[in-house]
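These notes are about the structure you will find just below.
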Amino acid sequence: MELLSGVITFIAGLWAGTINAVVGSGTLVTFPVLIALGITPVVASMSNAMGLVAGAAAGAWGYRRELTGRGRQLMQLLPASLLGGITGAWLLLHLPEKVFFFVAPVLLVLALLMVMFQPRLQAWVRRREENPEHAIKDKNHGILLVVLVYLAGVYGGYFVAAQGILLVGILGVFMTGTIQNANAMKNILVLGVNMVAAVSYMLFAFGRINWTVVALIAVSSTIGGLVGSKVGRRLPPPVLRGVIFVLGLVALGFMIANLLK
């Protein structure tokens, strides 16, 4: 990789790691850059995903305080996310690519609506939990959350980009706490899915990985993940939801553009 291309890749990884820690969708930065630099789509996708694992780990570490007291819930949701990632990876190998490009924009729109209306939706869920008439029925909220996290993992295993936005939408509504707590949990779950994808690539496509790209993105996204976690933790909830919404619209535009090609 030439020096200029390496610098551009490093900067893209830095930005991707930063926004991944804040909300997600960093792949929408790095993947187009790698394609523009002449790397084939499959190699770019795999190398990018592997490089961003380090950044995801840095973002998760930066948000560790927001996970205090949530170890039990994390142990419930992480296996569902990992299993979803494995399922998504399997579907990627067996389903036509067009299937995803029709489904993903719909899922992303739903996630953005959940993020924007999170306070009202979360309040509605809490009111039902406190209402004795709905007490038995609302015991299923925990089960529903696990199922939705599994489905988000399927999405992430199939197509990495914007899975963080989908998870924040789900967790922000069905998990107790603030949107910052949801973001912290999202970072761990996304890290799990990305690690499943990385291991799969190493086992089944080792020769198609561009290790220079992996190294550059790993280093730069780690720096970005630490920076992003510091920035994201200080954003007021309305501002964070606004950032998520804007980036979600960018991701949606990216998906629709691919669908229209």
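Apply the Karplus parameterisation 6.51 cos²θ - 1.76 cosθ + 1.60, with θ equal to phi minus 60°, to every residue of segment 12-19 and state each ³J(HN,Hα) to the nearest whole Hz, in sequence, with x for glycine and proline.
Taking θ as phi minus 60°, the curve returns 4, x, 4, 5, 5, x, 5, 6 Hz for segment 12-19.
Rolling a 1.4 angstrom probe over the protein chains, ignoring ligands and nucleic acids, what is the accessible area of Trp90 in square angstrom, nearest 10?
Its heavy atoms expose roughly 140 Å² to the probe.
Using a 1.4 angstrom probe on the protein heavy atoms only, could you order Leu77, Leu37 from most to least accessible area?
Working: Leu77 0, Leu37 55 Å².
Listed by decreasing accessible area, they come as Leu37, Leu77.
If you count only protein heavy atoms with a 1.4 Å probe, what accessible area per residue comes out for segment 1-100, rounded to a whole Å²?
About 49 Å² of surface per residue is accessible.
If you count only protein heavy atoms and use a 1.4 Å probe, how large is the accessible surface of Leu28, to the nearest 10 Å²?
Only protein atoms counted, so the area is about 30 Å².
Compute for segment 50-94: radius of gyration divided by Kirkwood radius, i.e. Rg/Rh, restricted to C-alpha atoms, rounded to two decimals.
On the Cα set of segment 50-94, Rg over Rh gives 1.08.
In terms of solvent-accessible area of protein heavy atoms at a 1.4 angstrom probe, what is the ranking of Val173, Val250, highest value first? Don't skip to the answer; put the middle values down first.
Values: Val173 5, Val250 90 Å².
Accessible-area ranking of Val173, Val250, largest first: Val250, Val173.
How are the alpha carbon pair distances in segment 1-87 distributed across 5 Å bins from zero to the largest one, expressed in percent?
P(r) over segment 1-87, rounded to whole percents: 3, 13, 19, 21, 18, 11, 8, 5, 2, 0.
Given the peptides 229-235, 195-201, arrange them by the average over their residues of other C-beta atoms within 10 Å, most packed first.
Ranked from most to least packed, the peptides come out as 195-201, 229-235.
Taking 51 Å as R0, compute the FRET efficiency from the Cβ-Cβ separation of Thr176 and Met202 and round it to 0.05.
So, using R0 = 51 Å, E works out to roughly 0.85.
If amide hydrogens are placed 1.01 Å from N in the peptide plane, which non-local residues have theirs closer than 5 Å to the one on Asn210?
Ser47
Over all Cα pairs of segment 188-230, how is the pair count split among 5 Å bins, expressed in % and running from 0 up to the last occupied bin?
Taking every Cα pair in segment 188-230, the percentages come to 5, 19, 19, 29, 17, 7, 3, 0.
Relative contact order of segment 2-55, please, whole-number percent, based on alpha carbon pairs below 8 angstrom and at least 6 residues apart.
Reported relative contact order: 33 percent.
The values are calculated or read from the model by the stated rules, or taken from the named source; none is laboratory data. Model, not experiment: these values are computed from the prediction. Note that each Cβ is placed from the backbone with ideal geometry, even for glycine, and that neighbours are counted across all protein chains shown. Heavy atoms of the whole protein, side chains included, go into the accessibility calculation; ligands, DNA and RNA do not. Shrake-Rupley method; radii C 1.70, N 1.55, O 1.52, S 1.80 Å.
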